[in-house]
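Participant: Quick one: structure below, then a few questions.
The values are calculated or read from the model by the stated rules, or taken from the named source; none is laboratory data. Values in this document were obtained by computation on a predicted structure and should not be read as measured data. Using ideal geometry, Cβ is built from the backbone for each residue, glycine included, and neighbour counts are taken over all protein chains shown. Ligands, DNA and RNA are excluded from the accessible area calculation, which covers all protein heavy atoms including side chains. Shrake-Rupley method; radii C 1.70, N 1.55, O 1.52, S 1.80 Å.
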Amino acid sequence: MSFSLFVSVSPSVQAEVATPATADAKAVQITDVGGRPYVLDDKGDVWGTSISSRAYRMDLIRDPAHLEKVDGLNKVTSIVATGSSAFALKEDGTVWNVEYVESSNSAEKDKWGLYTPKLLTQVPKLKHIVKIEPYMAVDKDGKLWIWEDIASSAKTGDWEKYFSSMQTEPVLANGIDHIKDLSGSTVLKDDGTVWTWECGLRGCDIFNVMRFNNPIQIQGLTDIVKLGQGTSPDQLALKKDGTVWIWGGGYLSNPKFDGSGIDEPPAPIEGLSDIIDISRGPEHIVALKKDGTVWAMGYFPRDYAHLNNTLDIENYRSLYQVEGLSDVTAVFSGDRTDAVIKKDGSLWMWGYDWQGLYGPAWSFQLTPVQVEVKPIPSTSRR
């Protein structure tokens with residue numbers, strides 16, 4: 001079955017006029033890099049990814065997709081996403097569900113395409129939250145709250161018969177406090193130590209593991225100031241001295257990967273120093289030096305022809321500087337796509353652009369391209 005990402009345009013589109021757009025907003029965070037991103041700006045507003053055929057076919061935007069401000073999603077300090085679900089942390093310490101839902105009227109379809117991002121419901125029991133990850137939140141006392149849920153789009157018919165056990169209210173994780181940072185089931189404490197909950201080789205119900213079992217300390221890691229966010233089986237940590245440490249069961253921490261599932265212990269990544277920010281994607285990492293330059297290593301497609309076989313040895317690159325970037329303040333990594341934010345608040349992305357956010361749809365951009373964070377010129381019918 002195939003479908004179009006674009007909504008059909010009526011003949012009256014020729015009779016529409018555009019009003020000028022405003023200047024770019026300053027980005028501070030992007031999430032779901034490589035998917036359908038959300039971007040947070042310095043005013044606390046969240047921008048979603050629109051695929052709007054009306055604007056595109058009127059030649060108001062360069063590429064098929066663009067960023068638009070999400071109605072009602074303001075006073076936000078952080079946003080995180082995984083799959084079809086996202087969570088927004090507001091200034092008052094509350095956490096809210098955000099999802100792309102099917103557009104329900106012509107105005108939404110004109111602005112967003114087939115799916116419109118919407119602020120849905122508040123996550124119960126969570127107060128005074130200071131940091132979030134998907135289905136996890138840290139409160140002002142350093143305690144970790146965890147919960148389970150499914151996307152609202154799956155809550156149809158007799159969904160409770162099959163998925164009710166996957167919808168829980170937040171509960172406290174067991175045996176941990178004084179949390180400063182987190183990445184999945186790995187947490188960083190105020191004292192610079194790193195802790196995690198482990199699953200066996202056959203996997204586990206991580207929610208109940210974290211709920212009923214104590215975490216274990218990862219030996220060999222001290223003076224840690226930040227964990228690398230991302231989806232790789234390799235874990236990353238940034239030390240106070242600017243070095244980056246890697247461990248886990250992925251291809252980067254274990255170059256002779258044999259599929260045994262045995263994790264490698266933490267070790268510093270040779271050549272990375274003076275680092276101030278890190279992020280990890282599937283089998284590759286991105287690091288920011290304090291001089292504003294960006295460095296990367298691992299498996300990342302070299303061109304469009306290698307997109308579907310990322311782990312091809314031809315896609316592996318040892319540590320290298322990403323060309324064309326300077327004055328960077330934050331780095332973000334995703335599935336075959338990376339992003340950075342510069343000192344001036346501009347957003348830059350490169351890699352696989354399946355939606356056409358910074359190039360033609362389904363294209364590959366080897367070098368960073370700036371992504372506009374501003375509303376397109378509005379359209380009106382005469």
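Participant: Regarding the stretch 92-115, can at least one residue be identified that is acidic (D, E), open to solvent by 20 Å² or more (accessible area, probe 1.4 Å), without any contact (Cβ under 8 Å) to a residue 24 or more places away in the chain and within 30 Å of L188 (Cβ to Cβ)? Show your work before the answer.
Facilitator: Narrowing the stretch 92-115 to residues acidic (D, E): 92, 99, 102, 108, 110.
Narrowing the set further to residues that are open to solvent by 20 Å² or more (accessible area, probe 1.4 Å) leaves 92, 102, 108, 110.
After this cut, where a residue has to be without any contact (Cβ under 8 Å) to a residue 24 or more places away in the chain as well, the list is 92, 108.
Now drop any that are not within 30 Å of L188 (Cβ to Cβ), which leaves 92.
Yes, the stretch 92-115 contains at least one residue that is acidic (D, E), open to solvent by 20 Å² or more (accessible area, probe 1.4 Å), without any contact (Cβ under 8 Å) to a residue 24 or more places away in the chain and within 30 Å of L188 (Cβ to Cβ).
Participant: Now a separate question. List the residue pairs whose Cβ atoms are under 8 Å apart, where the first residue sits in the stretch 228-244 and is of a type outside the set (A, V, I, L, M), the second is assigned to a strand (DSSP E or B) and surrounded by fewer than 16 Cβ atoms within 10 Å (Cβ to Cβ), and the two are 6 or more positions apart or on different chains.
Facilitator: K239/V225; K240/V225; T243/P268
Participant: Please state which one of D24, D63 is at pLDDT below 95 and open to solvent by 60 Å² or more (accessible area, probe 1.4 Å).
Facilitator: Working: D63 fails: open to solvent by 60 Å² or more (accessible area, probe 1.4 Å).
Sole residue among the options that is at pLDDT below 95 and open to solvent by 60 Å² or more (accessible area, probe 1.4 Å): D24.
Participant: Quick check on the stretch 245-270: of everything there that is under 23 Å from R336 (Cα atoms) and either β-branched (V, I, T) or modelled with pLDDT of 95 or more (or both), which residue is surrounded by the most Cβ atoms within 10 Å (Cβ to Cβ)?
Facilitator: I246
Participant: Right, something else. Of K343, K374, K289, which residue is within 21 Å of the chain's Cα centre (by Cα), modelled with pLDDT under 95 and of a type in the set (K, R)? Break it down into steps so the answer makes sense when it comes.
Facilitator: Working: K343 fails: modelled with pLDDT under 95; K289 fails: modelled with pLDDT under 95.
Only one candidate qualifies: K374.
Participant: Turning to a different aspect of this structure: Only one of L60, L89, L67 is part of a strand (DSSP E or B), in contact with a Pro (Cβ under 9 Å, 6 or more places away or on another chain) and touching a residue at least 24 places away in the same chain (Cβ under 8 Å). Can you tell me which?
Facilitator: Working: L60 fails: part of a strand (DSSP E or B); L89 fails: in contact with a Pro (Cβ under 9 Å, 6 or more places away or on another chain).
After applying the criteria, what remains is L67.
Participant: Would you mind stating whether R280 is within 30 Å of T168 (Cα to Cα), basic (K, R), modelled with pLDDT under 95 and open to solvent by less than 40 Å² (accessible area, probe 1.4 Å)?
Facilitator: Numbers: within 30 Å of T168 (Cα to Cα): yes; basic (K, R): yes; modelled with pLDDT under 95: yes; open to solvent by less than 40 Å² (accessible area, probe 1.4 Å): yes.
In short, yes.
Participant: Quick check on this structure: which one of G192, G220, G184, G228 is within 23 Å of the chain's Cα centre (by Cα) and at positive phi? Quick ask: steps written out before the conclusion?
Facilitator: Details: G192 fails: within 23 Å of the chain's Cα centre (by Cα); G220 fails: within 23 Å of the chain's Cα centre (by Cα); G228 fails: at positive phi.
Matching residue, one of G192, G220, G184, G228: G184.
Participant: It is to be established whether one or more residues within the stretch 316-327 are under 20 Å from T231 (Cα atoms), among the β-branched types (V, I, T) and modelled with pLDDT of 95 or more.
Facilitator: Within the stretch 316-327, none of the residues are under 20 Å from T231 (Cα atoms), among the β-branched types (V, I, T) and modelled with pLDDT of 95 or more.
Participant: Select from the stretch 346-362 the residues that are at pLDDT 90 or above, open to solvent by 20 Å² or more (accessible area, probe 1.4 Å) and either over 20 Å from K289 (Cα atoms) or among the aliphatic types (A, V, I, L, M) (or both) and list them in ascending order.
Facilitator: Y352
Participant: Find the residue count for the stretch 66-81, including only residues that are in contact with a Gly (Cβ under 9 Å, 6 or more places away or on another chain), open to solvent by 60 Å² or more (accessible area, probe 1.4 Å) and not basic (K, R).
Facilitator: Result for the stretch 66-81: 2.
Participant: Turning to a different aspect of this structure: State yes or no: is V17 at pLDDT below 95, open to solvent by 20 Å² or more (accessible area, probe 1.4 Å), in a strand (DSSP E or B) and more than 19 Å from A339 (Cα to Cα)? Talk me through it step by step, then tell me what you get.
Facilitator: Values: at pLDDT below 95: yes; open to solvent by 20 Å² or more (accessible area, probe 1.4 Å): yes; in a strand (DSSP E or B): yes; more than 19 Å from A339 (Cα to Cα): yes.
Yes, satisfied.
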